[in-house]
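Trainee: Mind looking over this structure? Questions follow.
The values are calculated or read from the model by the stated rules, or taken from the named source; none is laboratory data. Keep in mind it's a predicted model, so treat the numbers as computed, not measured. When we count neighbours, we look across all protein chains shown, and the Cβ atoms used for this are built from the backbone with ideal geometry, even at glycine. Areas reflect the complete protein model, heavy atoms only, side chains present, ligands, DNA and RNA absent. Shrake-Rupley method; radii C 1.70, N 1.55, O 1.52, S 1.80 Å.
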Amino acid sequence: MARIDVNHIRHSYLPNPRKDSDFALKEVHHTFEDGGAYALLGPSGCGKTTLLNIISGLLHPSHGQLLFNGRDITNLSTQERNIAQVFQFPVIYDTMTVYDNLAFPLRNRRVPEADVDRKVRETLDMIDLAGLAKKKARGLTADQKQKISLGRGLVRSDVNAILFDEPLTVIDPHMKWVLRSQLKQLHRRFAYTMVYVTHDQTEALTFADRVVVMYDGEIVQIGTPAELFERPRHTFVGYFIGSPGMNVLPVALEGRTAKFGALRIELPGVPKAEAGAVELGIRPEYVRLGREGMAVQVSKVEDVGRHKVVRANLEGREIAAVIGEDDEVPAEPKVRFDPAGINIYADSWRVEMGA
Amino acid sequence: MLELRNVTKTIGAQEHIRDVSLTLQHGSLNVLLGPTLSGKTSLMRLMAGLDAPTSGSVWFDGKDVTGQPVQKRNVAMVYQQFINYPAMTVYENIASPLRVAGVDQARIDKEVRNAAALLKLTPYLDRTPLNLSGGQQQRTALARAIVKNASLVLLDEPLANLDYKLREELRAELPKIFAAAGTIFVYATTEPHEALLLGGNTATLSEGRVTQFGPTVDVFRKPVDLVTARTFADPPLNTIVLSKKGSDFLLEGGVKLPVPQELSGIADASYTIGFQPHHLSLERPNASAVPVRAKVTITEITGSESFVHLDFADARWVMLAHGILDFETDDVVEVFIDPRHIMVFDQNGRAVTASKLAA
Amino acid sequence: MDKTWNNKAWFLVLPVLVLVAFSAVIPLMTVVNYSVQDTFGNNVFFWAGTEWFEELLHSNRFWEAMVRNLIFSFIILAIEVPLGIFIALNMPKKGWGVPVCLVLMALPLLVPWNVVGTIWQVFGRNDIGLLGYYINALGIDYNYVQDPFDAWVTVIVMDVWHWTSLVVLLCYAGLVSIPDAFYQAAKIDGASRWAVFRYIQLPKMQRVLLIAVLLRFMDSFMIYTEPFVVTGGGPGNSTTFLSIDLVKTALGQFDLGPAAAMSLVYFLIILLLSWVFYTVMTNYDAER
């Protein structure tokens, strides 16, 4: 396994990029630590797949360097980089058996057949497919095929990193749970360096130790799931992570108070905001619905089973609040913002709050 | 009103749809919920008239339309793939069903603009679909389906190819759009979460059978059998097979789970108990909750919640808890089962409920 | 499928049915009629029974032509299929080269059959033909009019030139339908060029290859124009294939009865061999 350094990498699909907007990847500079589980999260077109393909060597970056364990591998081919990749749609050699699929990368590298057999059997156990070893791969279900794709990476002992490109897209919800937790267990047991590309926040957050949120060719925040939830650095992160996303209200600051229309909201500290458009961000989970606070008109209650999402109108802005499964909306509903969940943004970037 | 009466569809030796009877009212939203290959698409094709049933009949507003081809049924369909006319503008795409119907220009313009406004497409009317994002392309397809003023609109996993966030936005808007249109909507999805957000009615499908049909929340909270409960649970339903003795279910380690009051009359036998992941908790939720000790296999953290995967006896459970719980693998934790929230199924997988006992 | 609710559809296929009836069924029936009769002209026919068939099956001329046909088809398949696959594999998958290659490949298919014959007849002549002249100039004694081997080579080269494109286009269609991810995965797995071909490209091309082999077999078995225009079946009988033999019998000697019997046998052979090919290949497919 390897540490991966992405050194000031820029990439454009155009032959002669001039403007910043010509770049699919504006500038990425980041280190993926050895043995870490990372997710690259963002909407389509944010550059996450471009970055993944640069790491795997399927794309050559326009600028910058890529290092594996300190060694410059920018100009090495995919084969020479020794990585494994699982794609969105299962890639299997469907004329081969499950066993031969797993043996394929080893046989290509002329590993002695005795070692091949040992490694393949180990891997079959790891991915829970030992019972299907002799079956032709083409008749299997989508989740089994994805496990074979993964297995072809796991079978090689010298793999530098395992890359995932939205691997659960074609998997049914129930199997997603099973595969995700198996993947996480594999990571815990064998400490592979893993990079996982997805647009699905649940997959990203549950899989990764650290999530890299990308938007418009740039990294907007790198953090643990808790950091991304509690302290989104940018309003985009607030919106993109969380379901529903963070409520963002335009406010004016006055010391420890934020003024939203005629309303005054107490802040946990004094924001260090310079000039610029100031906004207050609060996640629906921190909006308390009750009989005290600011009056709202409830427009809709969505019962999602384990909790309810209340859509309400606060001074002309729609806000969302999350209430418990058995909670009811009071007759004259009012909301309060839990100070612990308040973040202040100037020009969309989060500002610190002093005492 | 669309009625399917004992509809069966077999292709070769395979039964794709098994004895399905459903009645869908005008102005209703009906979700078909089930995993891949459970028969959602096959059922929609029968409803549309793209296929004729092997046996059984299809009725529309009291008329037998079995075997009537799709062209004669005034049906609109939206697929998982974004299907539009690539060479036409968004405006012409939306207008196309009206042009085919020979509607006059003034009304076409009015209806196209209404639909575009409803689906937030007004700024893009002059563009061609390929210059739009996936979300906007699918909005165009939806607008075309709505403007057609069809008596039946079928949507086959329309959001599956969209990004998570776009899906969320469109999902929140769809019920409003459906309510405004007033026709029969049928919406296929694999995701329980989506069914809950859409509301309306839900039919759960499993291996070509409709296992339950009713208001979405009722199907979710009061499934009639284990298959339905499993189909309609994300994260997966926690289950365990227990034997009942007297007033308790016996759990491993001598723990007794009291039989809910209203079910006290059931016979002593083996039952399957099911409960949702958020009904398993670290703190005692009330006095009747029962503690069990389970082993952690893996913990997944979403930032605000944690999914703790647990092994209890030979059962695999998931606990959904608020906050961040960073248990290590193989930690043994004490978790509480709330008997108020358990579902009881007999050996045939049928739900055991108070109303059934009374009958 | 049970979609019999709309019988109007039959009217739409009626023109085709009529066309097929006139172009295939009625002539075939005429042939059947001829094959069991004898005539000395003036539209006077005598019942001949199975006489012509018996005579045919005992004739050396027929069996020799048949063997020639089989050898010819075998050589054609052995050259065109691998060559077609090879060219398809090396055609560009994107960029400006794609339309250029496709047009180049389609060109021979667009040339009318008798023109193909004439082109090669002139091209191969050793007095005024570009090809024939230069081959002789190189010191190789080449003359398709006198040497049976040279005649065969010429006919084979003509067919390869004319029809390999078809195999190329079919294989190319199969190849471009393979998603990029497969090639990327193969790179990651360290697969050699051969392994990529064997485990990704060949399995994906299999269906179109079946069609290509079938079409090329049937077509080459029915070879007529090339030997007719270039060699006229000679030198001697060396390029007299079944079809040439048939025409000689029917039009040259005006033996309508034997010729009709021959066409029927010829027709049945093609039908049978095509069916065998198809069954073997689809069964192979199903087993895997």
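Trainee: May I ask you to verify whether residue A:40 is assigned to a strand (DSSP E or B), buried (at least 20 other Cβ atoms within 10 Å of the Cβ) and hydrophobic (A, V, I, L, M, F, W, C)?
Mentor: yes
Trainee: A further question follows. Regarding the stretch B:152-171, can at least one residue be identified that is open to solvent by 30 Å² or more (accessible area, probe 1.4 Å), away from every other protein chain (no Cβ under 13 Å), β-branched (Val, Ile, Thr) and in contact with a strand residue (DSSP E or B) (Cβ under 7 Å, 6 or more places away or on another chain)?
Mentor: no
Here is a yes/no grid of residues against (1) surrounded by 22 or more Cβ atoms within 10 Å (Cβ to Cβ); (2) not hydrophobic (A, V, I, L, M, F, W, C):
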position: B:198; (1), (2): yes, no
position: B:223; (1), (2): yes, yes
position: B:226; (1), (2): no, no
position: B:244; (1), (2): no, yes
position: B:249; (1), (2): yes, no
position: B:252; (1), (2): no, yes
position: B:257; (1), (2): no, no
position: B:260; (1), (2): no, yes
position: B:274; (1), (2): no, yes
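Trainee: Which one of A:51, A:102, A:58, A:76 is within 21 Å of residue A:16 (Cα to Cα) and at pLDDT 90 or above?
Mentor: A:51
Trainee: Another one. Assess whether residue C:224 counts as being under 21 Å from the mean Cα position of the chain (by Cα), farther than 30 Å from residue A:110 by Cα, surrounded by fewer than 16 Cβ atoms within 10 Å (Cβ to Cβ) and of a type in the set (Ser, Thr, Tyr).
Mentor: Spelling it out, residue C:224 is indeed under 21 Å from the mean Cα position of the chain (by Cα), farther than 30 Å from residue A:110 by Cα, surrounded by fewer than 16 Cβ atoms within 10 Å (Cβ to Cβ) and of a type in the set (Ser, Thr, Tyr).
Trainee: Name the residue, out of B:306, B:281, that is surrounded by fewer than 21 Cβ atoms within 10 Å (Cβ to Cβ), hydroxyl-bearing (Ser, Thr, Tyr) and outside the structural domain of residue B:212 (by the TED database).
Mentor: B:281
Trainee: Something else: Applying the selection to the stretch B:179-196, what residues are surrounded by 22 or more Cβ atoms within 10 Å (Cβ to Cβ), more than 14 Å from every other protein chain (Cβ to nearest Cβ) and not hydroxyl-bearing (Ser, Thr, Tyr)?
Mentor: B:184, B:185, B:186
Trainee: In the stretch A:1-24, which residues are surrounded by 15 or more Cβ atoms within 10 Å (Cβ to Cβ) and either touching a Pro at 6+ places or on another chain (Cβ under 7 Å) or hydrophobic (A, V, I, L, M, F, W, C) (or both)?
Mentor: Scanning the stretch A:1-24 gives A:1, A:2, A:4, A:6, A:9, A:10, A:11, A:23, A:24.
Trainee: Collect the residues in the stretch B:84-102 that are open to solvent by less than 50 Å² (accessible area, probe 1.4 Å), of a type outside the set (Ser, Thr, Tyr) and in contact with a Leu (Cβ under 8 Å, 6 or more places away or on another chain), keeping them in residue-number order.
Mentor: Listed by number, the residues that qualify are B:90, B:94.
Trainee: Is one or more of the residues making up the stretch C:63-70 at pLDDT 80 or above, surrounded by 11 or more Cβ atoms within 10 Å (Cβ to Cβ) and within 30 Å of residue C:173 (Cβ to Cβ)?
Mentor: Checked the stretch C:63-70: at least one residue is at pLDDT 80 or above, surrounded by 11 or more Cβ atoms within 10 Å (Cβ to Cβ) and within 30 Å of residue C:173 (Cβ to Cβ).
Trainee: Name the one entry in A:328, A:315, A:332 that is free of Cβ contacts under 8 Å to residues at least 12 places away in the same chain, over 27 Å from residue A:227 (Cα atoms) and open to solvent by 60 Å² or more (accessible area, probe 1.4 Å).
Mentor: A:328
Trainee: Go through the stretch A:89-118 and count every residue that is in a helix (DSSP H, G or I) and more than 11 Å from residue A:152 (Cβ to Cβ).
Mentor: Residues meeting the conditions: 8.
Trainee: OK, next. Which members of the stretch B:311-321 meet the condition of being open to solvent by 20 Å² or more (accessible area, probe 1.4 Å) and within 25 Å of the chain's Cα centre (by Cα)?
Mentor: Residue satisfying the conditions is B:316 alone.
Trainee: Let me ask something else about it. Anything in the stretch C:234-272 that is among the small types (Gly, Ala, Ser), farther than 18 Å from residue C:49 by Cα and surrounded by 21 or more Cβ atoms within 10 Å (Cβ to Cβ)? List them, or say none.
Mentor: C:243
Trainee: Continuing with this model, one more query. Condition first: touching a residue at least 40 places away in the same chain (Cβ under 8 Å) and in contact with a helix residue (DSSP H, G or I) (Cβ under 9 Å, 6 or more places away or on another chain). Now tell me which residues in the stretch B:150-172 satisfy that.
Mentor: The answer is B:150, B:152, B:153, B:154, B:155, B:156, B:157, B:158, B:160, B:161.
Trainee: Could you check, for the stretch B:36-53, whether at least one of its residues is within 17 Å of residue B:207 (Cβ to Cβ), open to solvent by 30 Å² or more (accessible area, probe 1.4 Å), β-branched (Val, Ile, Thr) and free of Cβ contacts under 8 Å to residues at least 12 places away in the same chain?
Mentor: Taking every residue of the stretch B:36-53 in turn, none turns out to be within 17 Å of residue B:207 (Cβ to Cβ), open to solvent by 30 Å² or more (accessible area, probe 1.4 Å), β-branched (Val, Ile, Thr) and free of Cβ contacts under 8 Å to residues at least 12 places away in the same chain.
Trainee: Let me ask you something else. Looking at the stretch A:129-146, can you tell me whether even one residue there is within 30 Å of residue A:26 (Cα to Cα), open to solvent by 30 Å² or more (accessible area, probe 1.4 Å) and either in a helix (DSSP H, G or I) or of a type in the set (Gly, Ala, Ser) (or both)?
Mentor: No, the stretch A:129-146 contains no residue that is within 30 Å of residue A:26 (Cα to Cα), open to solvent by 30 Å² or more (accessible area, probe 1.4 Å) and either in a helix (DSSP H, G or I) or of a type in the set (Gly, Ala, Ser) (or both).
Trainee: Continuing with the same structure: Any idea which of B:244, B:295 is away from chain A (no Cβ under 14 Å) and in contact (Cβ under 8 Å) with a residue 12 or more places away in the chain?
Mentor: Going through B:244, B:295 in turn, just one is away from chain A (no Cβ under 14 Å) and in contact (Cβ under 8 Å) with a residue 12 or more places away in the chain: B:244.
Trainee: Can you pull out the residues in the stretch B:268-292 that are among the small types (Gly, Ala, Ser), over 30 Å from residue A:210 (Cβ atoms) and touching a residue at least 40 places away in the same chain (Cβ under 8 Å)?
Mentor: B:269, B:270, B:274, B:288, B:289
Trainee: Moving on to the next point. Name the one entry in B:81, B:68, B:105 that is within 14 Å of chain C (Cβ to nearest Cβ) and surrounded by fewer than 17 Cβ atoms within 10 Å (Cβ to Cβ).
Mentor: B:68
Trainee: Could you pull out every one of the strands (runs of 3 or more DSSP E) wholly within the stretch A:299-346 that has 1 or more residues that are within 27 Å of the chain's Cα centre (by Cα)?
Mentor: Hits in the stretch A:299-346: A:307-314, A:317-324, A:342-346.
Trainee: Would you check which residues across the stretch A:68-88 are of a type in the set (A, V, I, L, M, F, W, C) and in a loop (DSSP other than H, G, I, E, B) and list them?
Mentor: A:73, A:76, A:87
Trainee: Then there is this: Tell me which residues, restricted to the stretch C:160-208, are touching a residue at least 40 places away in the same chain (Cβ under 8 Å), closer than 30 Å to residue C:224 by Cα and either open to solvent by 30 Å² or more (accessible area, probe 1.4 Å) or outside any helix (DSSP H, G or I) (or both).
Mentor: Listed by number, the residues that qualify are C:161, C:163, C:166, C:169, C:170, C:206, C:207.
Rundown of residues vs (1) touching a residue at least 24 places away in the same chain (Cβ under 8 Å); (2) more than 30 Å from residue B:2 (Cα to Cα), yes/no style:
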{"residue": "B:182", "(1), (2)": "yes, no"}
{"residue": "B:187", "(1), (2)": "yes, no"}
{"residue": "B:216", "(1), (2)": "yes, no"}
{"residue": "B:224", "(1), (2)": "yes, no"}
{"residue": "B:238", "(1), (2)": "yes, yes"}
{"residue": "B:257", "(1), (2)": "yes, yes"}
{"residue": "B:261", "(1), (2)": "no, yes"}
{"residue": "B:266", "(1), (2)": "yes, yes"}
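Trainee: Grab the strands (runs of 3 or more DSSP E) fully contained in the stretch A:172-268, keeping just those with 3 or more residues being more than 30 Å from residue A:141 (Cα to Cα) and more than 9 Å from chain B (Cβ to nearest Cβ).
Mentor: A:210-215, A:218-223, A:247-250, A:252-254, A:257-260, A:263-266
Trainee: Okay, moving on. When you go through (1) within 14 Å of chain C (Cβ to nearest Cβ); (2) buried (at least 21 other Cβ atoms within 10 Å of the Cβ) one by one for residue A:79, which number turns out not to apply?
Mentor: Single failed check for residue A:79: (2).
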